[in-house]
Amino acid sequence: MLAVEKALLRGEGIHASPPIAEQIAARLAGLIALDLLKPGQRLLEADIGAVLQVSRAPVREALRILERDHLARLSARRGATVTAPDAEELLDIFEVRLALYGILLAQVMRDRPDDLQRVFEQFLPRLEQASRETPGAYAVQSFLLNQRIADLCSNRLVVDQLKALSLRTLRYVRLGFAASPGAVASSLEGWRAFQGAVVQRDIALVQAAAAQRTAAIRSLAVAAVRHA
């Protein structure tokens, strides 16, 4: 959970602390994405402020951030509540993510293929370990690998847009793997194929491997949401 929270805090200088509201939003977003806060659950400003020992003002701003990212809904009557996963939103997210990720991979493969290969060497053992644990643990490691790949890209607009979708993407990926734990093994093979394409320095093959993984996860997640 801490690793997810740290990965979600984006847009600040390396030595700067993100604003309190963003830190609160990242913590709550991680809890929602990992299903520790359930759809329909109320997010009470006073309770959150008491637990985190902050005033209500940054909590209120954090809830607005969650509303922007479609993880919470604000209403005058009930305040903030956790949104339910939505199949149409899922399809939209993955369509945009696929296009942006293809652009990102082309740039990284042109400029930093050796660094990308090292990232895979670092993360594949973690993915293999997580695949023997729980679908949620595997989804988190996949998320962290994608975040690390994104950090190699110098096109900050693409990176920022992908990271802005990352909260919702993680939520749907976790749902897909939780509903079909056997798919984790297939996903791991997809990551290995992705790594093999990187080793070959074949941009088209890298993009194809990433697209194939994305399509498979999207199908799993759609089925999970529609049958929930």
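The values are calculated or read from the model by the stated rules, or taken from the named source; none is laboratory data. Model, not experiment: these values are computed from the prediction. Glycine also receives a Cβ, built like all others from the backbone with ideal geometry; neighbour counts cover every protein chain displayed.
Apart from one condition, Arg192 fits all of (1) at pLDDT 95 or above; (2) among the basic types (Lys, Arg); (3) closer than 21 Å to Ile103 by Cβ; the exception is (3). The set of residues from region 124-145 being under 20 Å from Asp202 (Cβ atoms) and out of contact with any Phe, Trp or Tyr (no Cβ under 6 Å at 6 or more places or on another chain) comprises just one member, Leu124.
The rows are residues; the columns are (1) modelled with pLDDT of 90 or more; (2) outside the structural domain of Ser166 (by TED's automatic domain parsing); (3) touching a helix residue (DSSP H, G or I) at 6+ places or on another chain (Cβ under 8 Å).
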residue	(1), (2), (3)
Gln41	yes, yes, no
Glu45	yes, yes, yes
Val51	yes, yes, no
Arg56	yes, yes, yes
Ala62	yes, yes, yes
Leu66	yes, yes, yes
His70	yes, yes, yes
Arg78	no, yes, no
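Please verify whether Ala130 is modelled with pLDDT under 95, closer than 21 Å to Ser180 by Cα and among the small types (Gly, Ala, Ser), treating the condition exactly as stated. Spelling it out, it is not the case that Ala130 is modelled with pLDDT under 95, closer than 21 Å to Ser180 by Cα and among the small types (Gly, Ala, Ser). Name the single residue that is nearest to Asp86 (Cα to Cα) among those in region 174-193 being more than 16 Å from the chain's Cα centre (by Cα) and of a type outside the set (A, V, I, L, M, F, W, C). Ranking the candidates gives Ser180 first. Looking at region 123-132, can you tell me whether even one residue there is of a type in the set (Phe, Trp, Tyr), closer than 16 Å to Leu31 by Cβ and in a helix (DSSP H, G or I)? No - not one qualifying residue is present in region 123-132.
Here Phe143 clears all of (1) under 17 Å from Thr214 (Cβ atoms); (2) surrounded by fewer than 18 Cβ atoms within 10 Å (Cβ to Cβ); (3) within 14 Å of the chain's Cα centre (by Cα) except the condition numbered (2). Among the residues of region 45-84, those identified as of a type in the set (Gly, Ala, Ser) and assigned to a helix (DSSP H, G or I) are Ala46, Gly49, Ala50, Ala57, Ala62. Checked against (1) over 27 Å from Tyr138 (Cβ atoms); (2) modelled with pLDDT under 95, Glu88 passes all but condition (1). Checking Arg97, Arg148, Arg118, Arg112 one by one, the residue that is closer than 20 Å to Ala209 by Cα, surrounded by 19 or more Cβ atoms within 10 Å (Cβ to Cβ) and charged (D, E, K, R) is Arg97 and no other.
Restricting to region 137-190, and then to whatever is outside any loop (DSSP other than H, G, I, E, B) and charged (D, E, K, R), can you tell me which residue is nearest to His70 (Cα to Cα)? Step by step, filter region 137-190, then rank; the result is Arg168. Among residues of region 205-228 that are touching a residue at least 60 places away in the same chain (Cβ under 8 Å), those with a beta-carbon under 7 Å from a residue that is among the charged types (D, E, K, R) and in a helix (DSSP H, G or I) at least six positions away or on a different chain give the pairs Thr214/Arg97.
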